[in-house]
1. Every residue in the range A:96-136 that is more than 14 Å from every other protein chain (Cβ to nearest Cβ) and at pLDDT 90 or above, please.
2. Test of understanding: among A:134, A:124, which residue is part of a helix (DSSP H, G or I), free of Cβ contacts under 8 Å to residues at least 60 places away in the same chain and under 30 Å from residue A:75 (Cα atoms)?
3. Is it the case that residue A:35 is modelled with pLDDT under 90 and either at the interface with chain B (Cβ under 10 Å from one of its Cβ atoms) or over 15 Å from residue A:85 (Cα atoms) (or both)?
4. If you go through the range A:62-72 one residue at a time, do you hit one that is in a helix (DSSP H, G or I) and either over 28 Å from residue B:80 (Cβ atoms) or facing another protein chain (nearest Cβ under 10 Å) (or both)?
5. Given (1) modelled with pLDDT of 90 or more; (2) outside any helix (DSSP H, G or I), where does residue B:72 come up short, assuming only one miss?
6. How about the range B:80-122: which of its residues are in a helix (DSSP H, G or I), facing chain A (nearest Cβ under 9 Å) and free of Cβ contacts under 8 Å to residues at least 24 places away in the same chain?
7. Return the residue satisfying two criteria in turn: it lies in the range B:65-79 and is more than 13 Å from residue B:51 (Cα to Cα) and more than 8 Å from every other protein chain (Cβ to nearest Cβ), and of such residues it is nearest to the chain's Cα centre (by Cα).
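The values are calculated or read from the model by the stated rules, or taken from the named source; none is laboratory data. Being a predicted model, the structure only gives us computed values, none of them experimental. Neighbour counts are summed over all protein chains in view; Cβ atoms, including those assigned to glycine, are modelled from backbone coordinates with ideal geometry.
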């Protein structure tokens, strides 16, 4: 017995297929590297900059949620992905702007400092590409 | 960071692997022997680097940074080609080659960080501003 739901999941051009898999890959790399870096910072030198390193951990969680929700099919996960990526975009814009306006407060690097300059500005581009991707693959309600 | 032979060879292997996979993807080819070999080359380099590093340590060469951080990078770098291959093969289209192309360049970035840990020019809070900007430029 086939239902419309299973048919939809098998569509090869869906949100989690094709270019979507590359997007998930890049998010996955950022999730791993941000998590590892945050754990390292918190484990070894948390006292030096608690705010910056808490921010690193927060960024890592956002990347993990974004990676998982992008990889999961279904409208609910698309919503989770949209929220996570909006938070990510907000984070990189706010932290990026603050790190330029008040460099003294952001001496300790995080993924989002200076709009992700240390990571080749990928942290700035990634949420924009992610949101475009989600918008183009939104499900009709 | 210091450009030693390990990093230079690793960078050549990693970037070549990325270029091969991107070219195959642009040509709309599905993953084939050539792109698979490009991924295997990266894995073999990491294994060689790991063995080489153990020998260097055994010969008394100093590891300036935290050993667990260095080996953490090594382990993750070794897992990447396997994870990339698995993720690429779950849906075998020319997009799989783009996924696999991400492995090589990511490993090169990690190798740069590993060289920093080995020679002790790490991301310390006391690092000179010039060093900080160098690391920013390296994308780490």
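1. Hits for the range A:96-136 are A:97, A:127, A:128, A:130, A:131, A:132, A:134, A:135, A:136.
2. Working: A:134 fails: free of Cβ contacts under 8 Å to residues at least 60 places away in the same chain.
Only one candidate passes the filter, namely A:124.
3. Values: modelled with pLDDT under 90: no; either at the interface with chain B (Cβ under 10 Å from one of its Cβ atoms) or over 15 Å from residue A:85 (Cα atoms) (or both): yes.
So residue A:35 fails the test.
4. Within the range A:62-72, the first condition is being in a helix (DSSP H, G or I), and the residues that meet it are A:62-71.
From what's left, either over 28 Å from residue B:80 (Cβ atoms) or facing another protein chain (nearest Cβ under 10 Å) (or both): A:71.
Yes, that holds for at least one residue.
5. Result: residue B:72 passes all but (2).
6. B:83, B:87, B:99
7. To start, the set of residues in the range B:65-79 that are more than 13 Å from residue B:51 (Cα to Cα) comprises B:65-70, B:72-73, B:76-77, B:79.
From the residues that got through so far, the ones that are more than 8 Å from every other protein chain (Cβ to nearest Cβ) too are B:65, B:67-68, B:70, B:73, B:77, B:79.
Details: B:65: 18, B:67: 17, B:68: 17, B:70: 12, B:73: 9, B:77: 6, B:79: 10 Å.
Checking each candidate, the answer is B:77.
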